[in-house]
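J.: Handing you a structure now.
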Amino acid sequence: MVLLVIFGLVAICSAICVVAFKNPIHSALALILTFFSQAGLFIALGAHFVAAVQVIVYAGAIMVLFLFVIMLLNLGSLQDTARQNISAIKIFVLVLAVLLAIEGITVARYVDQNGGVIKKQSTDVIIQRLKDDFKMSDEDIKHSVEELYGKGTSVSNLTSVQVTGLVHGEMGKTERIGTLLFSKFVLPFEVTSFILIAALIGVISIVNREPQEAA
Amino acid sequence: MENLPLSLVLISSIIKILIIVHMLLIGVMGMIWAERRVSAWIQDRYGPNRVGPQGLLQPIADGIKFLLKEDLIPEHVDKVVYILAPAIILIPALITCAVVPFGSEIPVSWDGQEYRIPLQIADIDIGILYILAITSLGVYGVVLGAWASNNKYSFLGGLRASAQMVSYELPLGLSIVGVLMLSESLRLREIVLAQSSFLHWNFLTHFPSFLVFIIAVFAETNRLPFDLAEAEQELVGGYHTEYSSMKFAMYFMAEYMHMIVGSVVVVVLFLGGWYFPGLEKLVDSGTLVGGLLSFIIVFVKTSFFLFFFIWVRWSLPRFRYDQLMNLGWKVLLPIALTSIVVTAVVWVVSESRLWVGIFNVISAVVVTSVVTTLVSMRSKSKVVIEDDLDIVSGDSPSFMTR
């Protein structure tokens with residue numbers, strides 16, 4: 001909980017810095033900090049794999065290319081151009097902020113009323129879902145429970161809080177994410193990769209145009 | 001790990017962190033000494049041999065010199081980023097070693113009970129992904145330092161470094177996928193445990209990936225033959241031209257730390273970690289002797305790799321920039337990608353490491369020859385050099401106006 005608050009505050013402050021800084025390189029640095037605190041948020045939620053992917057993809061690859069492009073174009077400080085239409089932007093930002101706040105409150109209330117997704121169900125149903133979705137055997141579940149709550153704890157006498165903890169722990173594991181991606185979510189996964197490949201081929205065909213056209 | 005009491009975990013972790021960080025720092029000193037002595041030996045000179053026995057105290061003298069020098073901050077730099085950059089490059093170099101296993105286990109008695117402490121700071125679930133994530137951040141120190149210096153030579157070095165590191169991260173990450181598939185885990189400890197007999201060492205099964213990984217590690221550490229970012233003959237000092245005193249020393253230390261961590265990771269992933277033919281049982285026995293021996297084995301293997309780094313540096317000339325990019329994108333990347341497909345298919349069909357190894361080598365040879373043939377056919381039919389020159393000489397960005 002403490003981690004969530006710290007990383008959340010850092011994320012918000014650095015996100016404000018991204019738009020507040022005048023020098024594009026400083027903005028990019030603040031954006032990197034935002035990505036890091038997002039990764040921190042994921043870790044605080046137990047999603048280590050997502051955090052690692054966040055750092056590798058966004059902080060490690062995309063932001064390096066951002067910096068590269070900013071440096072290559074040699075963008076100076078934004079002074080006059082950004083000052084135009086300031087009142088229109090202000091109104092837009094205000095409306096957007098109100099909408100986002102409403103959305104946030106609605107989601108929080110929904111989650112609160114339903115007691116999260118997990119609490120409502122009985123222990124048996126949750127264990128059954130672990131077996132179905134994550135393809136875990138009884139042995140696996142027993143092993144995980146003992147790892148979390150000490151030796152000798154059996155699956156049948158877990159409290160509902162402990163079961164929630166078990167599910168959260170399992171969801172963060174790389175192995176479970178892999179199982180889900182290649183069983184339950186295999187279609188969306190493959191479709192996404194096809195879209196990426198299509199984009200890749202498109203880029204290559206644009207870059208690879210015959211040089212005489214340009215001349 | 002799960003049955004250790006919390007107090008023991010805390011105390012042992014602190015001790016391990018202290019030991020490993022100090023070993024890294026001392027290792028850097030050792031590497032500076034070794035680099036100068038080995039280069040001298042390769043070039044048939046003596047090298048530094050005046051300070052202390054065999055010149056062993058030379059790194060300390062160097063360090064004192066760096067600390068006592070005036071810390072110069074040039075007038076025209078972006079101060080915040082200029083000061084931040086050396087720190088940014090040192091942090092990833094230091095924290096990657098948090099998940100690397102340096103040995104098997106040593107027994108400790110605590111509260112009257114016997115426990116086994118793994119020689120590794122943290123055995124986290126995402127293991128190797130953590131290392132990939134952190135090493136991919138090393139480039140920021142170089143790029144930001146180069147930009148903040150506000151100097152054309154630094155800037156060119158930074159641009160080269162960023163393009164190079166982004167390109168070589170891909171083969172670096174892809175070449176280990178085959179290893180992960182056969183180890184069935186991302187945890188570095190389990191990857192080592194999967195190599196418990198010599199025939200299971202990953203460099204035998206995944207030989208092409210092994211070569212790709214080593215080459216990519218060289219590129220990621222900015223070492224010769226990939227040190228275009230600091231090519232002395234063209235760019236004065238490259239990205240650290242404007243840095244002096246301890247800030248320069250931090251860049252220097254970070255390079256050697258990256259080398260050390262890179263070598264340990266190569267040893268853990270491909271060279272069987274703490275296993276050595278004939279000593280497998282003793283190393284895994286959980287006795288004090290076994291634990292220390294496992295540490296020594298990792299140390300020796302790593303030292304060999306560090307020597308290899310120096311050896312290559314003083315033997316090979318530097319790549320040209322287009323050669324570097326061609327090697328990364330047209331040779332290493334296809335080899336890494338094919339090895340993933342081949343490993344997966346052959347392993348499912350035959351379940352034998354022998355066949356995986358053989359098919360990996362065959363497919364790598366085939367892919368390399370096909371790609372090089374295609375590339376040479378293309379370059380004969382087209383003249384692309386003029387385009388490249390435009391980028392360099394034409395409308396170059398004005399660096400000094402910010």
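The values are calculated or read from the model by the stated rules, or taken from the named source; none is laboratory data. Quick caveat: nothing in here was measured; it's all calculated off a predicted structure. Methodologically, a virtual Cβ is constructed for each residue, glycine included, from the backbone with ideal geometry; neighbour enumeration extends over all protein chains shown.
J.: Just a yes or no: is a residue in region B:151-168 within 14 Å of chain A (Cβ to nearest Cβ), surrounded by fewer than 20 Cβ atoms within 10 Å (Cβ to Cβ), assigned to a loop (DSSP other than H, G, I, E, B) and among the small types (Gly, Ala, Ser)?
T.: Checking region B:151-168: not a single residue is within 14 Å of chain A (Cβ to nearest Cβ), surrounded by fewer than 20 Cβ atoms within 10 Å (Cβ to Cβ), assigned to a loop (DSSP other than H, G, I, E, B) and among the small types (Gly, Ala, Ser).
J.: Just to be sure, is B:Ile64 on the phi < 0 side of the Ramachandran plot and surrounded by 14 or more Cβ atoms within 10 Å (Cβ to Cβ)?
T.: No: the conditions fail for B:Ile64.
J.: From the residues in region B:136-150 that are farther than 20 Å from B:Pro225 by Cα and more than 7 Å from chain A (Cβ to nearest Cβ), which one is farthest from the chain's Cα centre (by Cα)?
T.: B:Asn150
J.: Looking at (1) exposed (fewer than 15 other Cβ atoms within 10 Å of the Cβ); (2) modelled with pLDDT under 85, which is the one condition that is false for B:Gly55?
T.: (1)
J.: Output the residues belonging to region A:45-65 that are more than 7 Å from chain B (Cβ to nearest Cβ) and modelled with pLDDT of 85 or more.
T.: A:Val50, A:Ala51, A:Val53, A:Gln54, A:Val57, A:Tyr58, A:Ile62, A:Met63
J.: Oh, and also: Report, by residue number, each residue of region A:14-32 that is closer than 26 Å to B:Leu170 by Cα and within 11 Å of chain B (Cβ to nearest Cβ).
T.: Result: A:Ile25, A:Ala28, A:Leu29, A:Ile32.
J.: Something else about it: Going residue by residue through region B:100-116, is there one that turns out to be in contact with a Ser or Thr (Cβ under 7 Å, 6 or more places away or on another chain) and closer than 30 Å to A:His26 by Cα?
T.: There is no residue in region B:100-116 that is in contact with a Ser or Thr (Cβ under 7 Å, 6 or more places away or on another chain) and closer than 30 Å to A:His26 by Cα.
J.: What pairs can you find where one residue is in region A:176-204 and free of Cβ contacts under 8 Å to residues at least 60 places away in the same chain and loosely packed, with under 10 Cβ neighbours inside 10 Å, the other is of a type outside the set (D, E, K, R) and part of a helix (DSSP H, G or I), and their Cβ atoms are less than 8 Å apart, with a gap of 6+ or different chains?
T.: Partner pairs satisfying both residue conditions: none exist.
So that you can scan it fast, the table gives a plain yes or no per residue for (1) in a helix (DSSP H, G or I); (2) in contact with a Gly (Cβ under 7 Å, 6 or more places away or on another chain):
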site: B:Glu234; (1), (2): yes, no
site: B:Ala254; (1), (2): yes, yes
site: B:Tyr275; (1), (2): no, no
site: B:Lys281; (1), (2): yes, no
site: B:Val289; (1), (2): yes, no
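J.: Something else now. Test B:Val139 against the stated conditions and say whether it is in contact with a Gly (Cβ under 7 Å, 6 or more places away or on another chain) and either surrounded by 22 or more Cβ atoms within 10 Å (Cβ to Cβ) or modelled with pLDDT under 85 (or both).
T.: So B:Val139 does not fit the description; no.
J.: What do you reckon, is B:Val298 of a type outside the set (Asp, Glu), surrounded by 15 or more Cβ atoms within 10 Å (Cβ to Cβ) and at pLDDT 90 or above?
T.: no
J.: Can you go through B:Ser315, B:Ser285 and tell me which one is exposed (fewer than 15 other Cβ atoms within 10 Å of the Cβ) and in a loop (DSSP other than H, G, I, E, B)?
T.: B:Ser315
J.: Right, another one. Please find, among B:Ala216, B:Ala254, B:Ala194, the residue that is within 13 Å of the chain's Cα centre (by Cα), closer than 30 Å to B:Trp355 by Cβ and at pLDDT 80 or above.
T.: Within the list B:Ala216, B:Ala254, B:Ala194, the selection yields B:Ala216.
J.: Please go through region B:108-134 and pick out each residue that is facing chain A (nearest Cβ under 9 Å) and acidic (Asp, Glu).
T.: Answer for region B:108-134, where residues must be facing chain A (nearest Cβ under 9 Å) and acidic (Asp, Glu): just B:Asp125.
J.: Separate question: Pull out all pairs, ordered by first then second residue, where Cβ-Cβ is under 7 Å, the residues are six or more apart or on different chains, the first lies in region A:133-153 and is more than 24 Å from B:Pro5 (Cα to Cα) and in the same structural domain as A:Val186 (by TED's automatic domain parsing), and the second is at pLDDT 75 or above and β-branched (Val, Ile, Thr).
T.: From residues that are more than 24 Å from B:Pro5 (Cα to Cα) and in the same structural domain as A:Val186 (by TED's automatic domain parsing), the pairs are A:Phe134/A:Thr179; A:Lys135/A:Thr179.
J.: I'm checking my understanding of the structure. Among residues of region A:99-126 that are in a helix (DSSP H, G or I) and modelled with pLDDT under 75, which one is surrounded by the most Cβ atoms within 10 Å (Cβ to Cβ)?
T.: A:Ile126
J.: Looking only at region A:173-209, which residues are among the basic types (Lys, Arg) and assigned to a loop (DSSP other than H, G, I, E, B)?
T.: Scanning region A:173-209 gives A:Lys173, A:Lys184, A:Arg209.
J.: Does B:Ile11 fit the bill of being part of a loop (DSSP other than H, G, I, E, B) and either at pLDDT 85 or above or more than 30 Å from A:Glu147 (Cβ to Cβ) (or both)?
T.: no
J.: Taking region B:169-213, which residues are within 14 Å of chain A (Cβ to nearest Cβ), in a helix (DSSP H, G or I) and more than 14 Å from B:Leu132 (Cβ to Cβ)?
T.: Residues satisfying the conditions are B:Met181, B:Ser183, B:Glu190.
J.: Given the structure, is B:Gln113 out of contact with any Asp or Glu (no Cβ under 6 Å at 6 or more places or on another chain), within 30 Å of B:Leu288 (Cβ to Cβ), of a type outside the set (Asp, Glu) and free of Cβ contacts under 8 Å to residues at least 24 places away in the same chain?
T.: Here the answer is yes, as B:Gln113 does meet what is asked.
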